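*Asks:* Dumping the structure here so I can ask a few things about it.
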Amino acid sequence: MAYLMTMCNCADINMILFNAGTGYTVQAQTEFPSDGRRLAPNVTATPVTLGTWHLIEWHVKYSTTDNSADGITQWWLDGVLQGNYSDLHTPSDAGFYEYQLAPTWGGGGATKTETDFFWYDHAHVSQRP
């Protein structure tokens with residue numbers, strides 16, 4: 001499952017559930033032209049309990065200049081800070097463009113053997129000037 005926040009210039013930053021063999025954690029993945037990587041939790045790595053409601057909060061701030069790598073992303077799971085990165089190199093575009101809930105399965109060539117269900121309650125997006 002991935003929560004996509006699409007930026008202008010075809011650059012994305014995604015919120016994903018990722019299983020590194022020890023259970024799912026909430027992670028971020030950048031797909032900027034100058035910064036593409038998966039950002040694992042670097043503060044707390046709370047395993048996501050499947051089948052229960054969770055609150056995910058996410059903050060993204062663009063770099064201060066075109067050449068600086070000082071953009072920020074932070075995310076919380078059920079009120080607990082999971083990741084805090086302050087070295088993003090975001091593109092020099094208009095910034096936040098679209099928010100999209102997109103439950104996807106990466107697959108990696110394997111066969112999907114079960115049916116998944118996703119329920120969403122609230123999505124709130126805000127921007128500060």
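*Asks:* Restricting the search to the range 76-87, which residues are among the aliphatic types (A, V, I, L, M) and open to solvent by less than 60 Å² (accessible area, probe 1.4 Å)?
*Replies:* Scanning the range 76-87 gives LEU77, LEU81.
*Asks:* On to the next question. Can you go through THR90, THR65, THR73, THR115 and tell me which one is over 18 Å from the mean Cα position of the chain (by Cα) and either under 15 Å from ILE13 (Cα atoms) or open to solvent by 90 Å² or more (accessible area, probe 1.4 Å) (or both)?
*Replies:* So the residue among THR90, THR65, THR73, THR115 that is over 18 Å from the mean Cα position of the chain (by Cα) and either under 15 Å from ILE13 (Cα atoms) or open to solvent by 90 Å² or more (accessible area, probe 1.4 Å) (or both) is THR115.
*Asks:* What's the number of the only condition in (1) at pLDDT 95 or above; (2) more than 14 Å from ASP35 (Cβ to Cβ) that THR64 fails to meet?
*Replies:* The failed condition is (1).
*Asks:* Something else about it: Working only within the range 93-112, note down all residues that are open to solvent by 50 Å² or more (accessible area, probe 1.4 Å) and either in a strand (DSSP E or B) or at pLDDT 80 or above (or both).
*Replies:* Residues satisfying the conditions are PHE96, TYR97, GLU98, TYR99, GLN100, LEU101.
*Asks:* Then there is this: Limited to the range 32-62, what total is found for residues that are open to solvent by 50 Å² or more (accessible area, probe 1.4 Å) and not in a loop (DSSP other than H, G, I, E, B)?
*Replies:* Counting residues in the range 32-62 that are open to solvent by 50 Å² or more (accessible area, probe 1.4 Å) and not in a loop (DSSP other than H, G, I, E, B) gives 8.
*Asks:* Here's something else I'd like to know. Evaluate the following for ASP12: is it closer than 18 Å to THR90 by Cα, surrounded by 15 or more Cβ atoms within 10 Å (Cβ to Cβ), acidic (Asp, Glu) and modelled with pLDDT under 90?
*Replies:* In short, yes.
*Asks:* Within the set of pairs 6+ apart or on separate chains, which have a first residue in the range 118-129 that is farther than 11 Å from TRP58 by Cα, a second that is open to solvent by 100 Å² or more (accessible area, probe 1.4 Å), and C-beta atoms under 9 Å apart?
*Replies:* Cβ pairs passing all conditions: TRP119/TRP53; ASP121/TRP53.
The values are calculated or read from the model by the stated rules, or taken from the named source; none is laboratory data. All values derive from a computational prediction rather than experimental measurement. Quick reminder, even Gly has a Cβ in these numbers, built from the backbone with ideal geometry, and neighbours come from all protein chains shown. Keep in mind that these areas ignore ligands, DNA and RNA; they rest on the heavy atoms of the full protein, side chains included. Shrake-Rupley method; radii C 1.70, N 1.55, O 1.52, S 1.80 Å.
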